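Quick notes on the structure that follows.
Read-outs throughout are calculated quantities, based only on the coordinates presented, and are distinct from any laboratory measurement. Since this is a predicted model, take the numbers as computed values, not measurements. Note that we place each Cβ from the backbone using ideal geometry, even for glycine, and neighbour counts take in every protein chain shown.
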Amino acid sequence: MKKDKNLRHAIILSAFKQFSAQPYHKVSTNQIVDDAGVSKGLLFHYFKDKKTLYITLYDLAWKTIFKDVFEQLDLSQKCLFRRFRDYIILKSRCLQNHKTLSLFIKQVHLNQDADILKERSTRYLNYQEVAYRKIFENIDTGLFRPDLNLQDTYKIFVWTLQRVTNEWEKQHTNQSVEHSLPVLERELEYYIQFFEKAFYL
């Protein structure tokens, strides 16, 4: 049993290594099994085909990232804006700290194969939905102005911070966490203060 688990783990590590370095269509199952030191038959024993392996890795990557994030996120923070800011910073830090997973996720998101695109979009939206549900749980809605439509306010806020984060990611792709995260933190803080003044009592 332990040997089986170790062999499967070796395949997964090898596949992450290969798929994070090259696009999906350029990676062969021969490369993966050669690097893992296992037979091709064993790979297909654990994973039905190359696509199944690829999507399994995508699930594992995000499970690892979100596990790290929510182990650190302070859910006792009742201010939605600051809780969401902390979530973005932790997620960005975890992605940068898990270099191979981050590179792999980028490769998946660049993949335009229709089947892969559909699978990864569905999975990512599911993970994001679960994450947002946790973030919005038990926030202090009494902080908001009573004349606001909270659902519209949430959408504007989330969209803005997502846009800021996406732009930051494009501009700081090759920089270290130490150099790039302070920039993101400053930008997010500016918008947090803006939203607090605009939407809080």
Among K106, K170, K51, the residue with the largest mean-square fluctuation in a Gaussian network model of the chain built from Cα contacts under 10 Å is K170
Checked against a 22 Å limit on the C-alpha separation, the offending pairs among K99/K155; K40/K99; K51/K106 are K99/K155; K40/K99
In terms of the charge dipole of the range 2-73, which places +1 on Lys and Arg and -1 on Asp and Glu at the beta carbon, the residue among T56, Y24, L42 farthest towards the positive end is L42
Note: probe point = Cα of F194 + 7 Å toward Cβ; backbone nitrogen < 17 Å; residues of the range 127-163 passing the test are 153-163
Cα-based Debye curve of the chain sampled at q = 0.10 Å⁻¹ gives log₁₀ I(q)/I(0) of -0.52
If each part is reduced to its alpha-carbon centroid, the range 16-54 and the range 126-201 end up apart, in Å, by 37 Å
Taking a straight Cα-to-Cα line shorter than 20 Å from K5, and setting aside same-chain aspartates and glutamates fewer than 8 residues away, one finds D34, D35, D49, D59
Listed residues H172, H98, H45; largest mean-square fluctuation, Gaussian network over the chain with Cα springs below 10 Å, found at H45
Connecting every pair of Cα atoms under 10 Å apart in the chain and solving the GNM, the largest mean-square fluctuation among S20, S176, S92 falls on S176
